[in-house]
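Undergrad: One structure is given below, represented as structure tokens, and several questions about it will come after.
Taken together, the values in this text are just the output of simple stated rules run on the coordinates, not laboratory data. Predicted, not measured: the structure shown is a model, and the values here were computed from it. Note that we place each Cβ from the backbone using ideal geometry, even for glycine, and neighbour counts take in every protein chain shown.
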Amino acid sequence: MAIQPTHSSRRILLPVRQWFILFSLAAALFLNLIPLGDTFGVPDWVALVLAFWSVREPLRLGMGTAFIAGLLMDVASGSVMGQHPLAYLLLTFAAGGLSRRILWFPLVQQALHILPLLLATQVVMVVTRLVGGADFPGWGYFLGSFSGALLWFPLTFILLLPQYQPHEKDENRPI
Amino acid sequence: MSVVGHQPPPFFKRGPAPLARLAFFVILSLALLVLDLKYRYLELARQGLAVVLYPLQRTAYTPVDLYEQLGDYFSSLADVQRENVQLKRKELESANWLLRQQHLELENQRLRELLDMKARQSVPGTLAEILYTARDPFSRRVIVDKGSQHDIAAGQAVVDEAGVLGQVTRVYPLQSEVTLVTDKNQAVPVKIVRNGLRTVLFGASGGQLELRFLAANADVQPGDLLVTSGLDGVYLPGLPVAKVLRVDRDAAYSFARIVCEPAAGVEKHGQVLILGAREALPPQVAETEARDKPVKGRKARKKE
């Protein structure tokens, strides 16, 4: 329910639209579906967008949304059903719980908060699969979280763009 | 029955507490995990969701496809010509074998008839193309562009021009998932060409294979060729699978550590052949009867 870019900012933003949250999640799912092979360091876009909206709007992004997004990821990546939902649920809960704290910080420190959350998401998935008898994918797997944390700055900018629009449009003074 | 004034006004209603919701969904996903890992009950749900996701998946594949096409377009004429010369030479080299194969097959069939043996099975194949590697980093799987609409069924063997690539493990309407032989949970019954030693080949990390549970003094040498033994009823006998790379015999362990290299281009993309389902092996009659009806068997023996 944040109405400013960060809590210490003076700028008041437009309220977020529900369809934009869902649209950004769908776009993240699409980015995740692009087959890049075994390239390491590709972030999990869905986890990143889920973390973003859980921090910004913890009341608008429910656990049900995270669960369904996780299920779709499970089917798309051919992994065990329940692996992504479990990790995404814990991420959504943790990010929602931390949201009041995170938004007081500038973007660099926000990214530092997000990094352990993304890492924990991946650790949950690794533990789930290792218990299920799969092979350890190597330490390069965790690089995705670091690139995800780096992407926090452009992501914040892009996903907040619709809310930066002016409150009332003046025909005579367009800017 | 609610009494007026004893409930909070509706604008305070926010449903169950976050922790309760988390607990509910976590239990739900744990249940899904157990159902899928242990009982494989969720294949139908997975198929349904896969159909919904298919258009999105196809669209997401377009940029990669375009990139590859662009690469093909700009690959120089010289490359194609060199490849053409190579292929022609290869064809000439294999012509000797191919021309005699028909003769040999006929001869083999006649000899088998003479010996009253069962005829060798020949299975039809479906040509398919590997689209991409599955995203899941915990397993080694690829997606191919033929599915249940093209009469592909789970369990069929997949080969390329050099040897066994893997096995179809999951079939969607228009795509199917092939588990490569290098997957940790994929086992292929093989035999060593040189001495006919039967064993089972498992996937190992790093795109390699491993012969497990062979005694430290087993007759295996680096360079040995492994072909399918056909005992599983899935793979046809005699398909090349791997070559032994190195054998570590450590006296401290009772088993030798034998690392093999896949024969097929397992980690490459390209055309593959999905072999049709093999005829089922004859059921092991005597053993199952003995296990199912132990009392009757004992009686029969007494009569004798």
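Undergrad: Name the shape class, rounded, prolate or oblate, that the alpha-carbon gyration tensor gives for chain B, where a ≥ b ≥ c are the square roots of its eigenvalues, rounded holds for a/c under 1.5, and otherwise prolate holds if a/b is larger than b/c and oblate otherwise.
TA: Since a/c reaches 1.5 but b/c is at least a/b, the shape of chain B is classed as oblate.
Undergrad: Excluding B:Val200 itself, calculate the net charge of residues whose Cβ lies under 11 Å from the Cβ of B:Val200, where each Lys or Arg counts +1 and each Asp or Glu counts -1.
TA: So the environment of B:Val200 carries a net charge of +1.
Undergrad: Further question on the same structure: Starting at the first residue of the stretch A:61-77, write each ³J(HN,Hα) from the Karplus equation 6.51 cos²θ - 1.76 cosθ + 1.60 with θ = phi - 60°, in whole Hz, x for Gly and Pro.
TA: The phi angles translate into 9, x, 5, x, 4, 4, 5, 5, 4, x, 4, 4, 5, 4, 5, 5, 9 Hz.
Undergrad: Can you order the peptides A:62-72, B:265-275 by their average number of other Cβ atoms within 10 Å per residue, highest first?
TA: Sorting A:62-72, B:265-275 by mean packing, highest first, produces A:62-72, B:265-275.
Undergrad: Compute the long axis of helix B:43-74 from its Cα atoms, compare it with the longest principal axis of the Cα atoms of chain B, and write down the angle in degrees, 0 to 90, nearest 10.
TA: Roughly 60 degrees between the two axes.
Undergrad: Sticking with this one: Quick check on the exposure proxy: order B:Ser254, A:Ser77 from fewest to most C-beta atoms within 10 angstrom.
TA: With the sparsest Cβ surroundings first, the list reads B:Ser254, A:Ser77.
Undergrad: Non-local amide H neighbours of B:Leu165 (under 5 Å, H modeled in plane, Pro and chain starts lacking H): which ones?
TA: For B:Leu165, whose amide H was placed from the backbone, the distant partners under 5 Å are B:Val158, B:Val159, B:Asp160.
Undergrad: Another question about this same structure. Using Cα-only point scatterers and the Debye equation, what is log10 of I(q)/I(0) for the stretch B:121-278 at each q in 0.14, 0.18 Å⁻¹, rounded to two decimals?
TA: -0.66, -1.02
Undergrad: Considering every residue in A:92-100, what mean count of other chain Cβ atoms within 10 Å of its Cβ is obtained?
TA: Average neighbour count from other chains, rounded to a whole number: 2.
Undergrad: By per-residue mean of other Cβ atoms within 10 Å, what is the highest-first order of B:33-43, A:7-17, B:231-241?
TA: Taking the mean over residues of other Cβ atoms within 10 Å, the ranking is B:231-241, B:33-43, A:7-17.
Undergrad: Which ordering of A:Leu22, B:Leu77, A:Leu48, B:Leu87 is given by a fewest-first count of other beta-carbon atoms within 10 Å?
TA: By the 10 Å Cβ count, ascending, the order reads B:Leu77, B:Leu87, A:Leu22, A:Leu48.
Undergrad: Given the Cα-Cα distance of B:Ala251 and B:His269 and 0.36 nm per residue of separation, how much length would full extension add, in nm?
TA: My answer for the length gained is 2.4 nm.
Undergrad: Let me ask you something else. Going by average Cβ density within 10 Å per residue, which order do the peptides B:184-192, A:154-162, A:140-148 take, highest to lowest?
TA: Output ranking for B:184-192, A:154-162, A:140-148: B:184-192, A:140-148, A:154-162.
Undergrad: Could you work out the mean count of beta carbons from other protein chains within 10 Å of each residue's beta carbon in B:41-54?
TA: Mean shielding by partner chains, rounded to a whole number: 3.
Undergrad: Give the Kirkwood hydrodynamic radius (Å, one decimal) of the stretch B:75-119, defined as one over the mean of 1/r across all pairs of different Cα atoms.
TA: It is 13.1 Å.
Undergrad: Of the listed pairs B:Lys146/B:Lys243; B:Lys184/B:Lys243; B:Lys38/B:Lys243; B:Lys90/B:Lys191; B:Lys191/B:Lys243, which have alpha-carbon separations greater than 23 Å here?
TA: From B:Lys146/B:Lys243; B:Lys184/B:Lys243; B:Lys38/B:Lys243; B:Lys90/B:Lys191; B:Lys191/B:Lys243, over 23 Å: B:Lys146/B:Lys243; B:Lys38/B:Lys243; B:Lys90/B:Lys191.
Undergrad: Quantify how much of the Cα-Cα distance distribution of the stretch A:1-43 extends past 14 Å, in percent.
TA: The answer is 66 percent, as a whole percent.
Undergrad: For the stretch B:16-63, build the convex hull from the C-alpha positions and give me its volume per residue in Å³.
TA: Once divided by residue count, the hull of the stretch B:16-63 is 123 Å³.
Undergrad: Here's something else I'd like to know. To the nearest 500 deg cm²/dmol, what mean residue ellipticity at 222 nm is calculated for the protein assembly as shown from DSSP H runs of n ≥ 4 alone, each contributing -39,500 (n - 2.57), summed and divided by the residues?
TA: After summing the helix terms and dividing by the residues of the protein assembly as shown, the value is -15000 deg cm²/dmol.
Undergrad: To test your reading of the geometry: what angle, between 0 and 90 degrees and rounded to tens, separates the Cα axis of helix B:77-115 from the longest principal axis of chain B?
TA: Roughly 70 degrees, rounded to the nearest 10.
Undergrad: Take every residue in peptide A:29-37, count the Cβ atoms of other chains within 10 Å of its Cβ, and give the average of those counts.
TA: Across the residues of A:29-37, the mean count of other-chain Cβ atoms within 10 Å is 6.
Undergrad: Quick check: the distance between the Cα centres of the stretch A:43-58 and the stretch B:19-39, to the nearest angstrom?
TA: 21 Å
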